[in-house]
Amino acid sequence: MAEVTKERYGQFIEAVLTVLNDQPNGLLGREVIERVRTMLPPTEFELAYYPNSPRLQRFGNIIRFAMIAPAKAEWWVAARGVWTITEEGKVAVGVFAKPVELYQEAERLYQEWDRARQETDEADQGDQGEDADLSRIPSVALDSADESAWEEISTHLVEMPPYDFQDLVADLLKAMGYHIVWVAPPGPDQGVDVIAATDALGATGPRIKVQVKRQQNRVSVDGIRSFMAVLGSNDIGVFVNTGGFTTDAEREARTQETRRLTLIDAQQLVELWIEHYGRLPEDARQRFPLRPVYFLAPPD
């Protein structure tokens, strides 16, 4: 990537951090890249496609490459394709006035991280040459693959018919060892979609009341309070929403003293599905089939 200067890398870092600074809940990596595209129009080189990958444009990959050092500097984090700025990143974008200075600081911190990882002498950690650049390619490929996989998974969940999604949650609870007492039929559910118990008769332990929402919007604190209104003193509430929950909603659930409430977003739902996949019946697996794919991972 010799055609991309340090100044240009710095511009990309600055632009990404600026975009994320306005997104407290993070933003999908592809959306970040598209916003950067409007801020920094691509050059002819960046618009070109890789000779060996005619469907892969350089621009997005160059940005992902530029953001590896800032990630090791702990200026931002990525989870399931969502990029989020850290407090350190907010400070960095405010301290360094010139993009090249931002790039140099990120590289300095990257080198510190790399020295600590490899436990080699400083002579091996010189200027960022071709070999050093090539060592970062697995990070770019893994980040891109993870983001692409998560987009497909989240889209599948959001587009799933609502009662199939309800059954999916019930299947997961059953695989986790709970007994499904009731699943809401089509029609008004009065705030509860699934009722589960810790034993087959529901004679011991608390009832588990589940509300399921398959939507992209976050549930607000009012939504949490409405759900808590249907919980009895001995009930445990589980609220599943693919779009997640607002900060106020999470705080409301966390600080409850008279109601026990667990919030599950799409990422947590998928993690639980993977964890208990082996206990799921075949028809449940077909409803939401997943298969592991092994990738060459970058060094930690």
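The values are calculated or read from the model by the stated rules, or taken from the named source; none is laboratory data. This one's a predicted model, so the numbers in the text were calculated from it and none came from an experiment. Neighbour counts are summed over all protein chains in view; Cβ atoms, including those assigned to glycine, are modelled from backbone coordinates with ideal geometry. For the accessible areas, the whole protein counts, side chains as well, though only heavy atoms, and no ligand, DNA or RNA atoms are used. Shrake-Rupley method; radii C 1.70, N 1.55, O 1.52, S 1.80 Å.
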For segment 97-113, give me each residue that is within 26 Å of the chain's Cα centre (by Cα) and touching a residue at least 60 places away in the same chain (Cβ under 8 Å).
LEU102, TYR103, ALA106
Residues located in segment 160-198, provided they are more than 22 Å from PHE288 (Cβ to Cβ), in a loop (DSSP other than H, G, I, E, B) and open to solvent by 30 Å² or more (accessible area, probe 1.4 Å):
GLY187, PRO188, GLN190, THR198
Is one or more of the residues making up segment 91-110 outside any strand (DSSP E or B), in contact with a helix residue (DSSP H, G or I) (Cβ under 9 Å, 6 or more places away or on another chain), within 23 Å of TRP150 (Cβ to Cβ) and among the β-branched types (Val, Ile, Thr)?
no
Considering (1) more than 30 Å from SER148 (Cβ to Cβ); (2) more than 24 Å from the chain's Cα centre (by Cα), say which one ARG279 fails and leave the rest.
(1)
Subset of segment 209-227 [open to solvent by 10 Å² or more (accessible area, probe 1.4 Å) and closer than 19 Å to TYR163 by Cβ]:
LYS209, GLN211, VAL212, LYS213, ARG214, GLN215, GLN216
If you take the residues in segment 239-261 that are of a type in the set (Asp, Glu) and in contact with a helix residue (DSSP H, G or I) (Cβ under 8 Å, 6 or more places away or on another chain), which one is most open to solvent (accessible area, probe 1.4 Å)?
ASP248
Over segment 262-300, the set of residues open to solvent by less than 70 Å² (accessible area, probe 1.4 Å), among the hydrophobic types (A, V, I, L, M, F, W, C) and closer than 23 Å to ALA79 by Cβ is LEU263, ILE264, ALA266, LEU269, VAL270, LEU272, TRP273, PHE288, LEU290, ALA297
Does VAL230 satisfy being touching a residue at least 12 places away in the same chain (Cβ under 8 Å), within 15 Å of SER154 (Cα to Cα) and either aliphatic (A, V, I, L, M) or loosely packed, with under 12 Cβ neighbours inside 10 Å (or both)?
no
Members of segment 16-63 found to be of a type in the set (Phe, Trp, Tyr) and open to solvent by 30 Å² or more (accessible area, probe 1.4 Å), listed by number
PHE45, TYR49, TYR50
Inside segment 199-217, can you point out the residues that are without any contact (Cβ under 8 Å) to a residue 40 or more places away in the chain and either under 23 Å from the mean Cα position of the chain (by Cα) or farther than 21 Å from PRO185 by Cα (or both)?
ASP199, ALA203, THR204, GLY205, GLN211, LYS213, ASN217
